[in-house]
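Report on one structure; see the data block that follows.
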Amino acid sequence: MTFVSPGFASQMNNTGSLLVILPLILLYLVCQKYFVEGIERSGIVG
């Protein structure tokens, strides 16, 4: 059984979290214009 230092384990945990969150943030930034246009078009007209 190999010993992993706590610093390395924390670094790997942070890297994994970043790799999960980053694509979602990039997708939001790219598609934000289309989200806003869809909300404007489907707004209630009074």
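The values are calculated or read from the model by the stated rules, or taken from the named source; none is laboratory data. Note that the structure is predicted; figures quoted are calculated from it, not measured. Quick reminder, even Gly has a Cβ in these numbers, built from the backbone with ideal geometry, and neighbours come from all protein chains shown. For the accessible areas, the whole protein counts, side chains as well, though only heavy atoms, and no ligand, DNA or RNA atoms are used. Shrake-Rupley method; radii C 1.70, N 1.55, O 1.52, S 1.80 Å.
Sort ILE39, ILE21 by accessible area with a 1.4 Å probe, largest first.
Working: ILE39 120, ILE21 90 Å².
In descending accessible area the options line up as ILE39, ILE21.
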Item to check | Distance (nanometres) between label positions extended 7 Å along Cα→Cβ at ASN13 and LEU29 | outcome: 2.7
Checklist entry - Can you pull the percent of the chain's accessible area that's carbon plus sulfur, 1.4 Å probe, other chains left in place? => result 70
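What does the helix-only formula give at 222 nm for the chain: each DSSP H stretch with n ≥ 4 adding -39500 (n - 2.57), the total divided by the residues, and the result rounded to the nearest 500 deg cm²/dmol?
Details: 1 runs with 36 residues, N = 46.
Theoretical 222 nm ellipticity from helices: -28500 deg cm²/dmol.
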Next on the checklist: As a test question: what accessible area, to the nearest 10 Å², does VAL36 have when a 1.4 Å probe is rolled over all protein chains in place?
Outcome noted: 70
